[in-house]
Amino acid sequence: MFDINSASREELAQITGIGEDIADKIVEYRREKNGFQKLKELKCVAGIGEKKFSRISSELTVTVDQENQEKNRVLIEFDPADVGGVEPEEVHLVGTMNNWNPRDKTYPLQKNEEGIWCNIFHFPPGTEYKIMWDSASWEEDKYMGFYGENFMVE
């Protein structure tokens, strides 16, 4: 049995049905989200649907490090009403604004039932970002809009 919060890429790849590609995706998801909170969260990883989850879940467990989970945890919310009621198709936190290039990093937000776009991120202090939406491409000056001042993680 492997703990998805501590197993190496190689260990995960040994599990029948995971392989190297999905192991990479699990490790990347774990890094971006600062670990898994529960085993069912594996279904958020591309390539793991209900059937695959049912086949592999008996070989996996999850241990949550509460102290580490709260470290650098930032809730980002974007309300389209704050910018004139636009109806974006996608919303992202983009680029490190200290050396701005939107292709550096993009972090998607998800729209909730109330129409608020949000996600929880784990950023080190001093990281600077901006919220952007409706981008056809992440090339400079091709996004549709941005919201507010640069966002700085404290």
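Residue-level analysis places V83 among those that are more than 22 Å from K33 (Cα to Cα), at pLDDT below 80 and either exposed (fewer than 10 other Cβ atoms within 10 Å of the Cβ) or among the aliphatic types (A, V, I, L, M) (or both).
Checking the stated criteria, K25 turns out to be of a type in the set (K, R) and more than 17 Å from I120 (Cβ to Cβ). For segment 26-43, the candidate set comprises residues that are in contact (Cβ under 8 Å) with a residue 24 or more places away in the chain and under 15 Å from T61 (Cβ atoms); within that set, the residue that is surrounded by the fewest Cβ atoms within 10 Å (Cβ to Cβ) is K38. Scanning segment 10-25 for residues that are within 20 Å of the chain's Cα centre (by Cα) and either of a type in the set (D, E) or loosely packed, with under 13 Cβ neighbours inside 10 Å (or both) yields D21, D24. On inspection, V94 passes the criterion of being buried (at least 17 other Cβ atoms within 10 Å of the Cβ) and modelled with pLDDT under 75. When Y107 is tested against (1) part of a loop (DSSP other than H, G, I, E, B); (2) at pLDDT below 90, only condition (1) is not met. Say whether the condition of being closer than 19 Å to I120 by Cβ and not assigned by TED's automatic domain parsing to the domain that holds N119 is met by at least one residue in segment 49-56. No: segment 49-56 contains no residue that is closer than 19 Å to I120 by Cβ and not assigned by TED's automatic domain parsing to the domain that holds N119.
When segment 20-67 is filtered for residues that are touching a Leu at 6+ places or on another chain (Cβ under 8 Å) and under 26 Å from T106 (Cα atoms), the ones remaining, listed by number, are I22, A23, I26, V27, F36, L39, L42, I48. Of all the listed residues (I48, I26), the sole one being closer than 22 Å to N119 by Cα and not in a helix (DSSP H, G or I) is I48.
The values are calculated or read from the model by the stated rules, or taken from the named source; none is laboratory data. Quantities reported herein were computed from a predicted structural model and do not represent experimental measurements. Here the Cβ is made from the backbone with ideal geometry for all residues, glycine too, and neighbour counts use every protein chain on show.
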